[in-house]
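Read the structure below first, then the notes.
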Amino acid sequence: MKVSELGEFGLIDLLARMISGAQDKSAASYQKLIIGIGDDAAAWKGDAATQLVTTDSLFQDVHFRLSTTSWHELGWKALAVNLSDIAAMGGVPMYAVVSLALPPDTEVDDVRALYQGMIELAQRFGVAIVGGDTCRAPLVSITVTVLGSAKDKDGRMLTRSAARSGEKIAVTGALGASAAGMEMLDKKLELDAESGGQLRRAFLQPEPRVAEGQRLLALGVKTAIDISDGLISDLKHICDSSGVGARVEMERIPIAPAVRTHFSDRALGLATTGGEDYELLFTASDDVIDRVKAELSCPVTTIGEVVAEKPGSVVMVDEHGGLLSLAKTGWEHFKGMK
């Protein structure tokens, strides 16, 4: 079987079972492990606090094209996607290590610009870049690993596995801008300067919701994920981990204004399956969500409800309650859009 047949998530599940089966359950590393493979970050008991670690890679011509991406933007995004994973756990990012593969004819000034992008974002969140590795390669790739800790003194974290039937589903910010930005750049679409700038930033310089994740945890939210694969796909991750289903109301989904304006015929698809918005998708009771809406400075929109029926499934309904087809649910490496 080829990995294209198994798919990204099938491969992850296979490797997770393989690793778990080989793990020495008596080892200190296992005894201190709280969350392993399957969430936004792994977590383990440290001497003073629960520790978090996450890693992500960006590969040339898979995640970005140098013809449409500046090195500064590439550095920013490489760190941002990892900070977003820590945000989805309600944690505090602390350290980053960077592994960089470069063609030998890469300009030194380009590498400086890449690191400047990372440094600017790292400074905003108090993250120290403490090391890494470099090697020669035919194409550019950058892998960032971020370590952090639980902000809560009791080691509480946001996870994918605590959603319960009857809770509401909510999301920060607006969706679809990143996917629209990628399409704008790939197809060389000419938009007005304001819209074009918004979509470009959404795709190449996303804002990780670190402070928002910490507030969600403090306000009583238990379940969250960052939207990287797409709203529907990432909501399905929550459903799979929590053993529940989800019902999403199409009319409630917050779509970025520039997406509605310039991609009106496909705005809903970009918002639900486009991915890489790096907003926080979470579930909680009505009372908790009301507190979240009152305290967070960013928009928070209730878009649906957790249900007991059909665990692991997500359905979307129109304003009349009619079921909508989900022909595509989001991005999966090896299989592509599914």
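The values are calculated or read from the model by the stated rules, or taken from the named source; none is laboratory data. These figures come from a predicted structure and were not determined experimentally. No Cβ is skipped: glycine too gets one built from the backbone with ideal geometry, and neighbour counts run over all protein chains shown.
Which members of segment 188-214 meet the condition of being within 12 Å of residue 87 (Cα to Cα) and in contact with a helix residue (DSSP H, G or I) (Cβ under 6 Å, 6 or more places away or on another chain)?
Going through segment 188-214, the residues within 12 Å of residue 87 (Cα to Cα) turn out to be 207-214.
Those that are within 12 Å of residue 87 (Cα to Cα) and in contact with a helix residue (DSSP H, G or I) (Cβ under 6 Å, 6 or more places away or on another chain): 208, 209, 210, 213.
Give, as residue ranges, the strands (runs of 3 or more DSSP E) completely inside segment 113-224 that count at least 1 residues that are touching a residue at least 40 places away in the same chain (Cβ under 8 Å).
Details: elements: 128-136, 141-150, 168-172.
So the answer is 141-150, 168-172.
Just a yes or no: is a residue in segment 46-53 modelled with pLDDT under 80 and of a type in the set (Asp, Glu)?
Checking segment 46-53: at least one residue is modelled with pLDDT under 80 and of a type in the set (Asp, Glu).
Just the residues that are small (Gly, Ala, Ser) and surrounded by 13 or more Cβ atoms within 10 Å (Cβ to Cβ), please, taken from segment 187-215. Spell out how you get there, then give the answer.
Kept after step one, since they are small (Gly, Ala, Ser), are these residues of segment 187-215: 193, 195-197, 202, 211, 213.
Matches in segment 187-215: 195, 196, 197, 202, 211, 213.
Taking segment 234-266, which residues are in contact with a strand residue (DSSP E or B) (Cβ under 7 Å, 6 or more places away or on another chain) and polar (S, T, N, Q)? Write out each step before concluding.
At the first step, the residues of segment 234-266 found to be in contact with a strand residue (DSSP E or B) (Cβ under 7 Å, 6 or more places away or on another chain) are 234-239, 242, 244-250, 252-256.
Listed by number, the list holds a single entry, 242.
Residues that are in contact with a strand residue (DSSP E or B) (Cβ under 8 Å, 6 or more places away or on another chain), in the same structural domain as residue 218 (by TED's automatic domain parsing), over 23 Å from residue 65 (Cβ atoms) and of a type in the set (Ser, Thr, Tyr): does segment 123-146 have at least one?
As a first pass, look at segment 123-146 and keep what is in contact with a strand residue (DSSP E or B) (Cβ under 8 Å, 6 or more places away or on another chain): 125-137, 139-146.
After this cut, where a residue has to be in the same structural domain as residue 218 (by TED's automatic domain parsing) as well, the list is none.
No, segment 123-146 has no match at all.
Is it the case that some residue within segment 73-93 is touching a helix residue (DSSP H, G or I) at 6+ places or on another chain (Cβ under 6 Å), within 18 Å of residue 143 (Cα to Cα), outside the structural domain of residue 279 (by TED's automatic domain parsing) and of a type in the set (Phe, Trp, Tyr)?
yes
Taking segment 174-195, which residues are on the phi < 0 side of the Ramachandran plot and in contact with a strand residue (DSSP E or B) (Cβ under 7 Å, 6 or more places away or on another chain)?
We begin by selecting, within segment 174-195, every residue on the phi < 0 side of the Ramachandran plot; these are 174-175, 177-187, 189-195.
Answer for segment 174-195, where residues must be on the phi < 0 side of the Ramachandran plot and in contact with a strand residue (DSSP E or B) (Cβ under 7 Å, 6 or more places away or on another chain): 174, 175.
I'd like to know if segment 9-25 contains one or more residues that are in a strand (DSSP E or B), of a type outside the set (Val, Ile, Thr), buried (at least 16 other Cβ atoms within 10 Å of the Cβ) and at pLDDT below 80. Talk me through it step by step, then tell me what you get.
To start, the set of residues in segment 9-25 that are in a strand (DSSP E or B) comprises none.
No - not one qualifying residue is present in segment 9-25.
With the requirement that a residue be under 16 Å from the mean Cα position of the chain (by Cα), among the small types (Gly, Ala, Ser) and under 19 Å from residue 300 (Cβ atoms), what does segment 158-200 give you?
Of everything in segment 158-200, those that are under 16 Å from the mean Cα position of the chain (by Cα), among the small types (Gly, Ala, Ser) and under 19 Å from residue 300 (Cβ atoms) turn out to be 170, 173, 174, 176, 177, 178.
What number of residues within segment 277-301 satisfy the criterion of being over 12 Å from residue 174 (Cα atoms) and not aliphatic (A, V, I, L, M)? Walk me through it before giving the result.
Quick first cut of segment 277-301, residues over 12 Å from residue 174 (Cα atoms) only: 282-297.
Narrowing the set further to residues that are not aliphatic (A, V, I, L, M) leaves 282-283, 285-287, 290-291, 293, 295, 297.
Selection size over segment 277-301: 10.
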